[in-house]
Amino acid sequence: MFGFILHRKPYVVAHWFVPLMDFQSNTEVFYKALEEEFKMREVPDLVVERILFREGGWLSPKRVYLRLRRHRTVLEVCSASFGTGWYFSLRAAVLPQPLLWWEVWVAILGVAGLFASYWHLFGMMTAGIVMLTSLIFVLLVFLRARTWSSLDEFLLYLPVIGAIYESHFRAESYYRHDKDLIYTHTVGGIVRAKVVEMCAMGGVNDPQFENVHNPQQILSPKKIAKYFPHAHGTPV
């Protein structure tokens, strides 16, 4: 669902990893175990999906990550070999919702073209009524989405419309913020527990979770300042 958002570069707010020397595991078994765990837990609004990240440039190999997404908050999980060892990692991140100028112009031209078509077919008055009715309908959808989580999520990832909805219509509240914190804490805790379980299966009973205090960003500093002016860390 919403596959086109997978190419957006995330802003990383927290990161930990578990390095294991002379250790081997199985990525597919680990991911499937997490998928089954989350299916059983019934975490609200959680979308579990596989995503491919390139190791480097366009021609580099791809690495499979497990993305645990709730709205625009995501946890990116990786399990992979490193020489004769293995590592597990988790990044808590936020997917930006930028409003690009070319998207605005395309939207304006699309609306203008639609209005011109109605004007040509039915006259100016009918075209005006149709466009006004459409605008009222969009506003009603925006208001309804504030209490309907599925519609809220759908609107968030639409080009142009999503940015307008989030900045002017989406209601922020203590409750919404609390749910985001509970989501990252709960889901992150489940991933940690599953890592401990996988390590125990390989004979390691006390894996060391290393916290990264300054997570590396894929986004440029300019884009971080633009999309996340009040960026701060999220515990996982």
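Here are a few things to note about the model shown:
- Checking LEU95 against (1) open to solvent by 20 Å² or more (accessible area, probe 1.4 Å); (2) at pLDDT below 85, the condition it does not meet: (1)
- Where a residue in region 140-169 is under 20 Å from ARG69 (Cβ atoms) and its partner, wherever it lies, is among the aromatic types (Phe, Trp, Tyr) and part of a loop (DSSP other than H, G, I, E, B), with Cβ under 7 Å and at least six apart: TYR157/PHE2
- Complete set of residues in region 7-30 that are open to solvent by 100 Å² or more (accessible area, probe 1.4 Å) and modelled with pLDDT of 90 or more: MET21, ASP22, GLN24
- Those residues of region 159-188 which are open to solvent by 40 Å² or more (accessible area, probe 1.4 Å), of a type in the set (A, V, I, L, M, F, W, C) and over 16 Å from ALA93 (Cα atoms), in sequence order: ILE161, ILE164, PHE169
- So ALA80, is it in contact with a His (Cβ under 9 Å, 6 or more places away or on another chain) and either open to solvent by 30 Å² or more (accessible area, probe 1.4 Å) or under 19 Å from GLU210 (Cα atoms) (or both): no
- Residues in region 31-54 include at least one that is within 22 Å of the chain's Cα centre (by Cα), modelled with pLDDT of 95 or more and surrounded by 16 or more Cβ atoms within 10 Å (Cβ to Cβ).
- Any hit, region 217-224, residues being open to solvent by 50 Å² or more (accessible area, probe 1.4 Å), out of contact with any strand residue (DSSP E or B) (no Cβ under 7 Å at 6 or more places or on another chain) and under 30 Å from GLY110 (Cβ atoms): yes
- So LEU155, is it surrounded by 13 or more Cβ atoms within 10 Å (Cβ to Cβ) and either in contact with a Gly (Cβ under 6 Å, 6 or more places away or on another chain) or more than 30 Å from VAL29 (Cβ to Cβ) (or both): yes
- Tally of residues being surrounded by 12 or more Cβ atoms within 10 Å (Cβ to Cβ) and not in a helix (DSSP H, G or I) across region 104-152: 2
- Filter result for ASN214 (more than 24 Å from HIS71 (Cβ to Cβ), exposed (fewer than 11 other Cβ atoms within 10 Å of the Cβ) and touching a helix residue (DSSP H, G or I) at 6+ places or on another chain (Cβ under 8 Å)): no
- Residues of region 188-213 classified as over 21 Å from VAL74 (Cα atoms) and in contact with a strand residue (DSSP E or B) (Cβ under 8 Å, 6 or more places away or on another chain), total: 6
- Verdict on HIS71 being open to solvent by 60 Å² or more (accessible area, probe 1.4 Å) and either in contact with a helix residue (DSSP H, G or I) (Cβ under 7 Å, 6 or more places away or on another chain) or modelled with pLDDT under 90 (or both): no
The values are calculated or read from the model by the stated rules, or taken from the named source; none is laboratory data. Just so we're clear, the structure is a prediction, and the values are computed from it rather than from any experiment. Virtual Cβ from ideal backbone geometry, glycine too; neighbours counted across all protein chains shown. Side chains are part of the model used for accessible areas, which takes the heavy atoms of the whole protein and leaves out ligands, DNA and RNA. Shrake-Rupley method; radii C 1.70, N 1.55, O 1.52, S 1.80 Å.
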